[in-house]
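For reference, the structure is listed below as structure tokens.
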Amino acid sequence: MEKDKILALDLGSTGIKVTVFDRGANILGSRYGEYQTLYPGINMVLQSPTEWWRYFCDATKDLLHALKISPQEIACVAPSGQMSALIPIDEEGELLMDPCLIWADMRVSEQVQEVAEGYGGQDKVYDRTGIGLTEETFTGYKIKWFHKEMPALYARTRYFLQPKEYIGFRLTGNVATDYSDASETAMMDIRERTWSEDMLRLMDIDREKLPPIKHSWDALGKITKEAAKECGLAEGTLVCVGGGDVSIAASGAGIREEGSCYFYIGSGSWVGISSKEPLLDYRHRIACLCSVSGDGYFPHMIGLAGGLSHQWARNLFNDIPGVKGTVDYGMIEGCVARSAIGANGLLFLPYLRGGGAPNQNINARGAFIGLEARHTYDDLCRSIMEGVAFILREMLEVLDQKCSAQIKEVILIGGGAKSAAWRQIIADVIGRPIICTSMKQEANTWGAAKLGGICAGLWESFEEAEKLVKVESVTRPRQETKGVYDGMYQAFLNAYEHLVPTFEELARCRVEIEDLSKEEH
């Protein structure tokens, strides 16, 4: 039986997707499951690695059964996943935190400040690591916090892993990270592509607790007998190292040429370009990650609530008794179509999670501005899509200024790319064509699959695999919308600036509310 298929997984911020590809880059099938996210306090966000593994096993067994694919046909398992988590395991491979801190957990402001002061300022930290965005999200600061708050558990820790590495470890018993994931920890020297001794010293982290750094397409190992029983794959199946979701998404979008650009709308939203050299911005708005291809960088900016805003609009009414479950994304698409361009003068700021580009303000929160009694649910839905488009434009303008190559068009990937209404809104707002390929919703798993295919020898290079992907649609901007959207965009920028003092005051209020709640209970 020929081993000619790749099983790729994307362990995202809200759920896990498992997809099977053949060597012709055909999508044979996918499974997706949403897992629980916990919010135990201000700036605290947790998920369970045990639950990740269970969902992966269930999705894999279900998918292989549905496709009538023998486990022996899988040439390689290719993992990708969310980045900047804190997953400590002991010498026996047991979790020392479950649930664990994921990237969106930002309780480490004290540690960020201590490291910056010790290094002579945040600019010097940024120059060494290439990490902009919201510093509180990154793993190195979380490990420093863990060492201080839980010293006994830190002492027992053998390795600190990232989400895709935990799945790889459960499959093979082996541990390794890749250059893309390592470059978003604030512990790696972005130019030397190795763990930075300076940063580890300031973060009080023992280097031997960090995995070795390998290429994303390198072999991590083979599936063990125990793991095979749990996940339904064959013992001895190859597993590659894999990569972090931001760099994986860029690869899945086909971003390789200098200045080529993509937007991603998943739970968060981000804008990235391809660059041969590190591209830095000393206002710390750009994070410069290593590419999974190993020969360049993916400078990018991340808004923390893109598709999350869309999901919130869906869930807002689904939680009402008697309505529950009746609102879906297809219905929201119809709502957006019925509302006017500019959502009848309604503006939405998509800061449902604090922090994120381009302002890096962890106290920022979402807001509707201009609400009137005449506004409908249709207008709310459209304003949410437009608000996410405005923040994408804001991020694109920063990268456009820094990039020497002209950005003429944008490839759109992620779940948000399925929406024809959203594609047109984004094209109109940025004034450039939006391109979708056949991998628009599978870009993350396709980016991982390319690594698995190269690891297993199904393809010789990234270029060979990328030639298999075709353009599916091109959405061009409409000139008649330019005036409305330029005006709304300027109002969007002004609204954030004027609301900053309000965000700070609300942050103080949230602390008082939480303290009062603790006293009452």
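The values are calculated or read from the model by the stated rules, or taken from the named source; none is laboratory data. Only a predicted model underlies this, so the values are computations on that prediction, with no experimental measurement involved. Every residue, glycine among them, receives a Cβ derived from its backbone with ideal geometry; neighbour counts consider all protein chains shown. For the accessible areas, the whole protein counts, side chains as well, though only heavy atoms, and no ligand, DNA or RNA atoms are used. Shrake-Rupley method; radii C 1.70, N 1.55, O 1.52, S 1.80 Å.
Taking the centroid of alpha carbons for each part, segment 341-398 and segment 169-238 are 37 Å apart. Most tightly packed first, judged by the mean number of other beta-carbon atoms within 10 Å of their residues, the peptides 13-24, 312-323 read 13-24, 312-323.
Between Leu153 and Asp204, the simple spin-label model (points 7 angstrom out along Cα→Cβ) gives 1.6 nm. Note on the chain: with charges restricted to the Cβ of Lys and Arg (+1) and Asp and Glu (-1), its dipole about the Cα centre is near 1160 debye.
Tell me, how many Å apart are the Cα centres for segment 50-73 and for segment 281-324? Value for the Cα centre distance between the two parts: 27 Å. The largest accessible area among Ile411, Ile87, Ile369 belongs to the first residue in Ile369, Ile411, Ile87, and the rest follow in falling order (1.4 Å probe, all chains). Summary of the geometry: segment 466-483 and segment 95-117, compared by the centres of their Cα atoms, lie 39 Å apart. Nonpolar atom fraction for segment 365-515, defined as the carbon and sulfur part of the 1.4 Å probe accessible area, stands at 52 percent. For segment 1-103, the list of GluC sites (Glu not before Pro) that fall in a loop by DSSP and count at most 10 other C-beta atoms within 10 angstrom reads Glu2, Glu91, Glu92. Estimated purely from DSSP H runs of n ≥ 4, each contributing -39500 (n - 2.57), the mean residue ellipticity at 222 nm for the chain is -12500 deg cm²/dmol once divided by its residues. Each Cα pair under 8 Å and six or more residues apart adds its sequence gap; the mean of these over the residue count of the chain is a relative contact order of 15 percent. In a DSSP loop and with at most 11 other Cβ atoms within 10 Å, the GluC sites (Glu not before Pro) in segment 139-214 are Glu192. Need one number for segment 106-192: average projected area of the convex hull over its C-alpha atoms, nm². Average projection, Cα convex hull of segment 106-192: 6.3 nm². Ranked from largest to smallest solvent-accessible area, with a 1.4 Å probe on the protein heavy atoms, Cys509, Cys57 come out as Cys509, Cys57. For segment 245-393, a crude dipole built from +1 on the beta carbon of Lys and Arg and -1 on the beta carbon of Asp and Glu, taken about the Cα centre, is about 300 debye to the nearest 20. Looking at segment 441-521, the accessible area is 59 square angstrom per residue; that uses a 1.4 Å probe and ignores ligands, DNA and RNA. Taking 0.36 nm per residue of separation and subtracting the Cα-Cα distance, full extension of the segment from Val500 to Arg476 would add 5.2 nm.
Split the accessible area of segment 112-244 by element, probe 1.4 Å, and carbon with sulfur accounts for 44%. In the P(r) worked out for the chain, what percent of Cα pairs fall beyond 42 Å? Every Cα pair in the chain considered, those over 42 Å come to 15 percent. Seen from Ala343, the other residues with C-beta closer than 15 Å to its C-beta sum to a net charge of -3, counting Lys and Arg as +1 and Asp and Glu as -1. Simple rule: put +1 on each Lys or Arg Cβ and -1 on each Asp or Glu Cβ in the chain, find the dipole, and look at Thr172, Pro433, Ile102; the Cα lying farthest toward the positive end is Pro433. Restricting segment 29-112 to trypsin sites (Lys or Arg not before Pro) that sit in a DSSP loop and have at most 14 other Cβ atoms within 10 Å of their own Cβ leaves Lys68.
Look at the dipole of the chain built from charges on Cβ: of Ile391, Thr481, Val323, the Cα furthest out on the positive end belongs to Thr481.
If R₀ is 45 angstrom, what is the calculated FRET efficiency for the pair Gln72 and Ile320, using the beta carbon separation as r and rounding to 0.05? So the FRET efficiency works out to roughly 0.40.
For Ser404, the accessible surface of its heavy atoms amounts to roughly 110 Å² (probe 1.4 Å, protein chains only, rounded to the nearest 10). Placing dummy labels 7 Å off each Cα toward the beta-carbon, the span from Lys229 to Leu516 is 5.5 nm. Over all projection directions, the Cα-based convex hull of segment 166-321 averages an area of 12.9 nm². Among DSSP beta bridges whose residues both lie in the chain, state the antiparallel percentage, nearest 5. In the chain, approximately 75 percent of DSSP beta bridges are antiparallel ones. Placing dummy labels 7 Å off each Cα toward the beta-carbon, the span from Asp123 to Tyr32 is 4.3 nm. The dipole here belongs to segment 434-521: it is taken about the Cα centre, uses +1 on the Cβ of Lys and Arg and -1 on the Cβ of Asp and Glu, and is about 620 debye.
Which one, His300, Ala449, Leu220, projects farthest toward the positive side of the charge dipole computed for the chain from Cβ point charges (K/R +1, D/E -1)? Positive-most Cα among the choices belongs to Ala449.
Applying a threshold of 30 Å to the alpha-carbon distances of Lys142/Lys324; Lys144/Lys402; Lys5/Lys214; Lys225/Lys276; Lys229/Lys470 flags Lys142/Lys324; Lys144/Lys402; Lys225/Lys276; Lys229/Lys470 as lying beyond it.
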